[in-house]
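Trainee: Attaching a single structure in structure tokens format; questions to follow.
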Amino acid sequence: MIIDAHAHLCRKPRDLDKIAASGRLEQVWLMDVSGCELSTNPFAAEAEILQAAKDFPGFFIPFGYLDLRLTPDNIDRLKENGFFGLKAYRPEKPYDTPEYFPFYERAAALGMPILFHTGLLEKCPYEQMGQNLSYGPTNMKPAQLATIAAAFPDLTLIGGHLGYPWLEETAQNLYYYPNIYHDLSGYRKDIEWLIKNLDRKCHDGFEKRYFNDKVLFATDALCYGNEQGHRDAFKLMDFWEMFLEMIGGNYYRWGEPEEREKILSDNARKIYTQFI
Ligand SMILES: [Zn+2]
């Protein structure tokens with residue numbers, strides 16, 4: 001079974017029971033980005049994400065929007081309301097700005113992993129989102145996670161996507177920081193990089209760790225809760241299972257069956273069980 005470690009829910013979601021009972025998915029980690037007020041996407045509200053998690057406990061895992069325009073005590077509210085982790089997206093300043101440190105300190109103390117979007121992102125014009133957020137990707141570079149990971153070794157950071165076009169920064173995150181993971185959703189030109197890099201060895205303080213011990217399967221660019229989204233999710237699961245088996249299985253160490261399982265679910269399950 002698969003864990004989708006970076007996913008979204010649409011407004012007024014339907015047929016979630018079908019997804020939960022599909023037998024393909026063990027968990028879906030739902031990221032709330034409603035705080036950005038994007039009118040370009042039909043993303044669910046915070047309450048809808050919490051409701052899905054309540055209706056399907058242990059299956060839909062909710063991540064609350066880490067709004068860096070507010071104060072760190074908002075994270076306590078998210079934790080009390082049932083959010084397992086946090087999602088950082090479109091900060092007004094670079095992720096590693098020291099004034100954001102109290103937020104990361106709070107998340108670490110509460111045992112909430114943070115999934116940070118990294119790299120290129122959807123274009124969204126000025127009038128179509130909330131104020132004091134970022135439009136382009138330069139406040140969301142993978143290397144900014146390294147600063148946070150070093151300052152807060154107890155915090156678990158997941159770089160959303162592989163951080164294109166800054167793939168070498170992503171490589172350094174995986175190589176050197178034991179508390180940084182990345183998910184493979186997003187721009188699929190990254191596949192060339194994945195093929196060549198998944199077998200690279202880490203030097204992060206653990207014995208025998210490779211990049212594929214720190215990469216998580218994810219869908220991201222679709223919405224659970226409508227028919228099209230569900231079709232797209234199954235298509236992506238089919239694609240990645242085939243890719244890992246037919247390309248990896250034939251030519252690379254990361255394609256061996258037990259290594260593929262790490263990417264599809266084991267790595268994410270380890271993070272989940274650490275904080276539940
Ligand atoms: Zn996302």
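Where a number appears in this text, it was derived from the coordinates with a stated rule and is not lab data. Since this is a predicted model, take the numbers as computed values, not measurements. FYI the Cβ positions are ideal-geometry reconstructions off the backbone, even for glycines, and counts take in every protein chain you see.
Trainee: Please state the shape class of the stretch 1-125: rounded when a/c is under 1.5, otherwise prolate if a/b exceeds b/c and oblate if not, all from the C-alpha gyration tensor.
Mentor: The shape class here is prolate.
Trainee: A further question follows. With each run of n ≥ 4 DSSP H residues scored as -39500 (n - 2.57), what mean residue ellipticity at 222 nm is computed for the chain after dividing by its residue count and rounding to the nearest 500 deg cm²/dmol?
Mentor: Only helices count here, giving -9000 deg cm²/dmol.
Trainee: Then there's this: In whole angstrom, note down how far apart the Cα centers of the stretch 78-104 and the stretch 218-272 are.
Mentor: What the calculation gives is 27 Å, centre to centre.
Trainee: Using unit Cβ charges (K, R positive; D, E negative) and no other charged atoms, how large, in debye to the nearest 20, is the dipole of the stretch 129-210 about its Cα centre?
Mentor: 140 debye
Trainee: Picking from PHE84, LEU184, ASN250, whose Cα lies most toward the positive end of the charge dipole for the chain (charges on Cβ: Lys, Arg +1; Asp, Glu -1)?
Mentor: ASN250
Trainee: Okay, moving on. Comparing LEU264, LEU162, LEU25, which has the greatest mean-square fluctuation in the GNM of the chain with Cα pairs linked when under 10 Å apart?
Mentor: Top of the fluctuation ranking is LEU25.
Trainee: Taking other Cβ within 10 Å of each residue's Cβ, how do PHE234, PHE84 sort, fewest first?
Mentor: PHE234, PHE84
Trainee: Most fluctuating residue of GLY130, GLY163, GLY255 in a GNM of the chain with Cα springs under 10 Å: which is it?
Mentor: Looking only at GLY130, GLY163, GLY255, the largest GNM fluctuation is found for GLY130.
Trainee: With a 10 Å Cβ neighbour count serving as the proxy for reagent exposure, in which order, fewest first, do LYS208, LYS196, LYS141, LYS87 appear?
Mentor: LYS208, LYS196, LYS141, LYS87
Trainee: Report, by chain and number, residues whose modeled amide H sits under 5 Å from the one on LEU9, excluding near sequence neighbours (fewer than 5 apart, same chain).
Mentor: Counting only residues 5 or more places away or on other chains, the set is MET31, ALA44, TYR224.
Trainee: Moving to a separate point now. Suppose every Lys and Arg Cβ carries +1 and every Asp and Glu Cβ carries -1, with no other charges. What dipole size does the stretch 2-275 come out with about its Cα centre, to the nearest 20 debye?
Mentor: 180 debye
Trainee: Quick one: which residues, 5 or more positions from TYR210 or on another chain, have an amide H under 5 Å from its amide H? H modelled 1.01 Å from N in the peptide plane, none for Pro or chain starts.
Mentor: The answer is CYS202.
Trainee: Could you put THR156, THR219, THR147 in order, starting from the residue whose Cβ has the fewest other Cβ atoms within 10 Å?
Mentor: With the fewest neighbours first, THR156, THR219, THR147 line up as THR147, THR156, THR219.
Trainee: Assuming a ≥ b ≥ c are the square roots of the Cα gyration tensor eigenvalues, decide whether the stretch 48-87 counts as rounded (a/c under 1.5), prolate (otherwise, with a/b larger than b/c) or oblate.
Mentor: Since a/c reaches 1.5 and a/b is larger than b/c, the shape of the stretch 48-87 is classed as prolate.
Trainee: Rounded if a/c is under 1.5, else prolate if a/b is larger than b/c, else oblate: which is the stretch 70-189, with a ≥ b ≥ c the root eigenvalues of its Cα gyration tensor?
Mentor: Oblate is the answer for the stretch 70-189, as a/c is 1.5 or above yet b/c matches or exceeds a/b.
Trainee: What is the distance, in nm, between label points placed 7 Å from the Cα along the Cα-to-Cβ direction at LEU120 and at LYS196?
Mentor: 1.7 nm
Trainee: Give the distance, in whole Å, between the Cα centre of the stretch 1-32 and the Cα centre of the stretch 133-198.
Mentor: Rounded to whole Å, the Cα centres lie 24 Å apart.
Trainee: Springs between alpha-carbon pairs under 10 angstrom, Gaussian network model over the chain: which of LYS214, LYS79, LYS18 fluctuates most?
Mentor: Judging by the Gaussian network model, the answer is LYS18.
Trainee: For the chain, which cysteines have no disulfide-compatible partner, meaning no other cysteine Cβ under 4.7 Å?
Mentor: CYS36, CYS124, CYS202
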